[in-house]
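Taking it in order: structure first as structure tokens, then the write-up.
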Amino acid sequence: MSALKKRTSNSSVDREDDKQLTERMLSPGSDEGKTDSSLAGTRGNDVKSTGEEEGVALKRTITLVNGVAIIVGTIIGSGIFVTPTGVVKEAGSVGLSLIVWSVCGVFSTVGALCYAELGTTITKSGGDYAYILEVYGSLPAFLKLWIELLIIRPSSQYIVAYVFATYLLKPIFPVCPVPETGAKLVACLCILLLTFVNCYSVKAATRVQDFFAAAKLLALSLIIIIGFVKIGQGGTENLLPENSFKGSKYEFGNIGLALYSGLFAYGGWNYLNFVTEEMIEPFKNLPRAIIISLPIVTIVYVLTNLAYFTTLTPDQMLGSEAVAVDFGNAYLGPMAWIIPVFVGLSCFGSVNGSLFTSSRLFFVGSREGHLPHLLSMIHPNLLTPLPSLIFTCLMTLLYAFSSDIFSVINFFSFFNWLCIAMAIVGMMWLRYKKPELERPIKVNILLPVTFVLACLFLIIVSFWKTPEECAIGFGIIGTGVPVYLFGVWWQNKPKWLLQAIFSTTAFCQKVMEVVPQES
């Protein structure tokens, strides 16, 4: 009987040991799973360089060329090919439109330079989310993350994938609209394929990004060359000084909305900051990638619109469903099919870049304790954030069931600029509060001040022109507060709930064969 008790006791001890072992398996090697807003710990949590790294962690594999491709490939999506009409609609003339495109490029470059300082001071991945967390604390950062994962990232990824599918299928349906069901199916297949590539290898994902960034620059270069040829042949009626500013709209609201449309086309200039921890020599390559990328995009955007105006009047552009396609049809003859193909390639590359950076945002959010711990785990052989990539994919695929995605995005026209302004105000606050922090890049104070004032102007215009949409957007943001209180703030959860979370995490971890990141 005593032997039986002894064996039972030993069995109980073994079970307890197994449980503790499993808990250790599910816990990261450092305190990365907890929300830590101390800048002193920021550099300590950085992933080491490939040569020095031990254990399971995301490797530093993103080179300068990859960084440039991520920025260029994410900014240049379908908009410049399909509907670069938002600016000319509000500006009213060729000359004012080109000025707005140039100003938007300079504005985006100033913002990107401020983010270069932020990214080399706070060396965490996560972009805006990481900077807001460091400066403003847990709740504002969670609300930023909440809207990104719920609406902004998945909806924008699905929309670009849908445009890709539409252009891919258009040759099959030349005289009728592409069936919505078919386009949705191809869009979902595009998202699944790119998720697989990103899960398989970081290098494979960056090579895809490099290739498609080059492809879209090649397509735009073709349009620009045709434009210059047209100018050389005398096709400059719309560009003559006496004609270029006819119909200009100089009202406060029109200028604001024109800037909004232009800056939307430049969206993505801050995406490299979401993968800072995976960059090789980020102190050098992050600012270099920004300094190289933004002037390229600005020059390409301005010259592309200049080329369009050699052929199309502002009214013709506004009446076109796909400006680049109409431009190609006018000059390329039997080779006009090249433009739709390049539009599709451009969209494909943009989806890849967005999936890559979105998964890192959710990875960092999980590591900081704002999302389930599973999302900050890594496959030990592939060394990719498998759970966060699969989560990003599933959230994006859900939008295939939505019938009106654009109305949802319109609710958050102000949100992006609000978060960017908060991050840059935080940068100035850190200069004052913590001057001892290492800052490899330090921009002139006039740049962040000017940029924040411009952001406030855009936010005011948004509330002035679309007050109802902004109010609904704030209401949706507010839904994140109870989620935060339940998931993050409430620490003393009942034992049964903790056990359910633990069991679910362990099950998913075994299915995906992933482990926590080790510093």
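The values are calculated or read from the model by the stated rules, or taken from the named source; none is laboratory data. What you are looking at is a predicted structure, and each value in this text was computed from that prediction instead of being measured. Because the Cβ atoms are built from the backbone with ideal geometry, glycine has one as well, and the counts that use them run over all protein chains shown. We work out accessible area using only protein heavy atoms, side chains counted, and drop any ligands, DNA or RNA first. Shrake-Rupley method; radii C 1.70, N 1.55, O 1.52, S 1.80 Å.
Residues Met427, Met422 ordered from highest to lowest accessible area at a 1.4 Å probe: Met422, Met427.
How do 129-139, 475-485, 452-462, 506-516 rank on mean C-beta neighbours within 10 Å, highest first? Provide the component values of the computation, followed by the final result.
Numbers: 129-139: 21.7, 475-485: 13.9, 452-462: 17.8, 506-516: 15.5.
By packing density, highest mean first, the sequence is 129-139, 452-462, 506-516, 475-485.
Placing unit charges on the Cβ atoms of the charged side chains and taking the dipole of the chain about its Cα centre, the candidate lying farthest along the positive direction among Gly333, Asn243, Ile76 is Ile76.
Gly111 sits among other residues whose Cβ lies under 14 Å from its own Cβ, and their net charge, with Lys and Arg +1 and Asp and Glu -1, is -2. Applied to the stretch 501-512, the Karplus parametrisation 6.51 cos²θ - 1.76 cosθ + 1.60 on θ = phi - 60° returns per-residue 3J(HN,Hα) values of 5, 4, 5, 5, 4, 4, 5, 5, 4, 5, 5, 8 Hz, with x for Gly and Pro. The mean sequence distance of close C-alpha pairs (under 8 Å, at least 6 residues apart), as a share of the length of the stretch 350-497, puts its relative contact order at 20 percent. Sorting the segments 486-493, 189-196, 334-341, 254-261 by their mean number of nearby beta carbons within 10 angstrom, highest to lowest, gives 254-261, 189-196, 334-341, 486-493. For the stretch 293-384, the Kirkwood estimate of the hydrodynamic radius, built from every pair of different alpha carbons, is 16.8 Å. Across the chain, the relative contact order, built from alpha-carbon pairs under 8 Å that are at least six residues apart, equals 32 percent.
Dipole orientation for the chain: of the candidates Val100, Thr450, Thr85, Thr450 has the Cα lying most toward the positive pole (charges on Cβ; Lys, Arg +1; Asp, Glu -1).
What separates the Cα centres of the stretch 328-350 and the stretch 502-519 is a distance of 44 Å. Specify the inter-centroid distance of the stretch 453-474 and the stretch 185-216, based on alpha-carbon positions, in whole Å. One Cα centre to the other: 34 Å. In the context of the full protein assembly, Asp210 retains an accessible surface of approximately 40 Å², using a probe radius of 1.4 Å and ignoring ligands and nucleic acids.
Based solely on its DSSP helices, what 222 nm [θ] is calculated for the chain when runs of n ≥ 4 H residues each add -39,500 (n - 2.57) and the sum is averaged over all residues, nearest 500 deg cm²/dmol? Let's see the in-between values first.
Values: 24 runs with 351 residues, N = 519.
Rounded to the nearest 500, it is -22000 deg cm²/dmol.
Calculated translational diffusion coefficient of the chain (20 °C, 1.002 mPa s; Stokes-Einstein with Kirkwood radius over alpha-carbon pairs) equals 88 µm²/s.
I want the local charge near Thr166. Using Cβ-Cβ distances under 13 Å, sum +1 for each Lys or Arg and -1 for each Asp or Glu among the other residues.
Working: positive: Lys170, Lys184; negative: Glu180, Glu321.
So the environment of Thr166 carries a net charge of 0.
Descending by average beta-carbon neighbour count within 10 Å, the peptides 241-253, 321-333 line up as 321-333, 241-253, the highest first. Once you reduce the stretch 96-171 and the stretch 225-256 to the center of their Cα atoms, the two points are 30 Å from each other.
Looking at the stretch 431-512, what % of the alpha carbon pairs are farther apart than 16 Å?
Values: 2535 of 3321 pairs.
Of all Cα-Cα pairs in the stretch 431-512, 76 percent lie more than 16 Å apart.
Taking only protein heavy atoms and a 1.4 Å probe, the accessible area of the chain is 67% carbon and sulfur. As an equivalent ellipsoid, the stretch 392-486 spans semi-axes of 32, 19, 14 angstrom, where each value is the square root of five times an eigenvalue of the C-alpha gyration tensor, largest first.
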